[in-house]
Every structure is written in C-alpha cells, then in structure tokens.
Amino acid sequence: KYFLLAMARLNAVDFIPSNSVAHYARNIYRVRVTTKGLVKDVLDALVTAGLIESRKTTTGRGGKPHEVKLTDKGQAELLAPLLESLAKITDLQAADINRSFEEVVAELTAQDRHKRGVALELLAVWIIRLLGLRFCKWRLRSFQATGGGEVDVIAASDKIVYSRWQIQCKNLQHKNDQGQIVKGKVDVDTVAKEVGLTFLTNADVVMIITTGGFTGAATDYANQVTDNSRYYIILLQDTDIERIVADRASIVDILNVKARRVFAKKELGVTEFGAEGAAVGGNPSESEIGDKIAADAGTLFAEEAPAGSA
C-alpha cells in the first residue's frame, strides 16, 4: 500500500529505481519497507495486481535494483484520483496539476508573468505532495500584488504528531537582456516576517523555498530561531530544487540532513558547521555528525539497558 502511494506521490509514470521508492516510503510514511525482500514481498504482488511494471536492470549477484513504474491501470486507479483531488482543493486546473516537476521548474523562467505565477503555485503544490502533507489553503496567491513572484500556502501533517506548515515560495530569478538567468537572494527581513506571521497561522514549521539563494544574515537568523524556539525553519534554495529535479525522492534526504544538523546542535552541542554534506575549514561534515550521533546514542542506550538485555 505505502510503496504504491509513494509511487503516486513521486509521479512514477516512467521507470525509477525501486530502492529509491522504498527509501522515500520509509521516510514519508514511517513504515518498514525492506529492500532485501522488496521484489518478493512488494513488487511481485503489485505486478500481479496489474498496478505496476517492474524490470531488472542487471543480472547476477550484486546487480542494480529493479526499476518500477505505474501501469495504465495504476495511473487510472491511483494517480488520476490523487491529481483530481489536488486540483479541486487547490483551485488549479487539472491539466496544470498533471505537469511534471521538471516542467514546472522550467516554466519559472518564462517571459510571461502569468506563466511564472502559475508555475510558482504548482511548485508549492508539488513540494506539499512530495512531503506527504495535506493542502489547507492559500494564504496569498501569486497574482495578488506579487507580480507572479510569491506564493504562500498553509499545509498540515498528521504523521506521528499533528504539525502545521507555513510555506512560502519566492521566484527570484529572471532572464536579462542577454538571455542569462540572474538570481536574487532572500534577505533576513523576509525570514523574520514569516516567523512573525506564525502567530496568525499557528504554524509549527516555516518553509521558505526560493529559486535563488539566501543571504548569510537570513540563514543565521533562521538557525537562531530554530535553535532557540519551538519553531522549525526550513530553507530550500536553487541547488535543492535542482537535486529534486534530478531525483524527486531526494527531498527526504535534503530534509533529513537539515534535521540531523538541528538535532546535533540542540542535543549534542555541536555548534560549528561547514557546508551541508562537506567539511569546511575543519568543521565536522554531515557524515561525521552522523557518526557522533550514532556513537552518543549507542553509549546512552548501553548505559540505560538492564543487565542481560540484548
């Protein structure tokens, strides 16, 4: 069930690696989907039901994982109802909702302001879809005094605990006279404004997505708010969007890295970081942070485990 739902959210109408879908399902739905018995326990049953196609990419031991995609039946029975529901609750056209993530991102640089505005709304809906959130309402549509450059959404999650998400998408890129893409940066005032609005939206999580980047002051402020309050601030920029374009399931890895960094800072006292995923100037890398988390957790459980327990 959850593997199939993951395929629908990832829009698996073309072949994608089955282990990537399983990894995504584990993170989004918090269920145990093992890759060891994936073919026998999951894929074969879904193929028999006529909902997915599965193919081997290599032969022999140590081969690559199977690739999977939704069949016409799977698209009609699962994907189409999902898209129709999204179109209805977001008040967007079904044809637009059906557009791929890659198409939507490409349209963000269109010359026509209306097209850019629709693409930005679709980007917000795609992020909500990929995160397994429930769309609640638009706080601000792209054509309300924003010039097609800003969209605000409220979403919610009921996984494990209820949380309310306040999401803002800002399109800070345009083509200059030479046809080159020029990108701007979100400043600290924008982040502060979003944090201030949580008193009206009752949001627990603030996510700001930009096609450009963030100033150093904006990033520092977001980190300070996350470290010293109940709010969790997530900043996604152009490089994150590019990763999601290359692999839609990578959104869970992007957010997991950010969450582990917050955990390391709050719970383990690690205060200095380099760039995400790489050590800079002697600061710990993400893998080093992960090793420290694992080591500290192992020590903690060893101290608390009763004698003779496994």
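The values are calculated or read from the model by the stated rules, or taken from the named source; none is laboratory data. Here the structure is a predicted model, which means the values were calculated and not measured. So basically every Cβ, Gly included, is an ideal-geometry build from the backbone, and we count neighbours across all protein chains shown. Just so you know, the surface numbers come from the protein's heavy atoms only, side chains and all, with ligands and any DNA or RNA stripped out. Shrake-Rupley method; radii C 1.70, N 1.55, O 1.52, S 1.80 Å.
Which of the strands (runs of 3 or more DSSP E) contained wholly in the stretch 102-202 include at least 2 residues that are in contact with a strand residue (DSSP E or B) (Cβ under 6 Å, 6 or more places away or on another chain) and free of Cβ contacts under 8 Å to residues at least 40 places away in the same chain?
Here the list reads 134-140, 150-157.
How about the stretch 93-112: which of its residues are among the aliphatic types (A, V, I, L, M), open to solvent by less than 70 Å² (accessible area, probe 1.4 Å) and within 22 Å of M7 (Cα to Cα)?
Hits for the stretch 93-112 are A94, I97, V104, V105.
Conditions (1) surrounded by fewer than 18 Cβ atoms within 10 Å (Cβ to Cβ); (2) of a type outside the set (D, E, K, R), marked per residue:
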position	(1), (2)
V42	no, yes
T48	yes, yes
I52	no, yes
D72	yes, no
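Could you check how many residues of the stretch 1-54 are assigned to a strand (DSSP E or B) and of a type in the set (G, A, S)?
The qualifying residues number 1.
Identify, please: which residue in the stretch 17-40 is of a type in the set (A, V, I, L, M) and either under 18 Å from L131 (Cα atoms) or touching a Phe, Trp or Tyr at 6+ places or on another chain (Cβ under 6 Å) (or both) and is, among those, surrounded by the fewest Cβ atoms within 10 Å (Cβ to Cβ)?
V31
Quick check on the stretch 264-291: of everything there that is in a helix (DSSP H, G or I) and surrounded by fewer than 14 Cβ atoms within 10 Å (Cβ to Cβ), which residue is modelled with the lowest pLDDT?
Looking at the filtered set, the residue picked out is S287.
From the set of residues in the stretch 225-244 that are aliphatic (A, V, I, L, M) and either open to solvent by 30 Å² or more (accessible area, probe 1.4 Å) or part of a helix (DSSP H, G or I) (or both), which is farthest from K193 (Cα to Cα)?
Taking the candidates together, the pick is I244.
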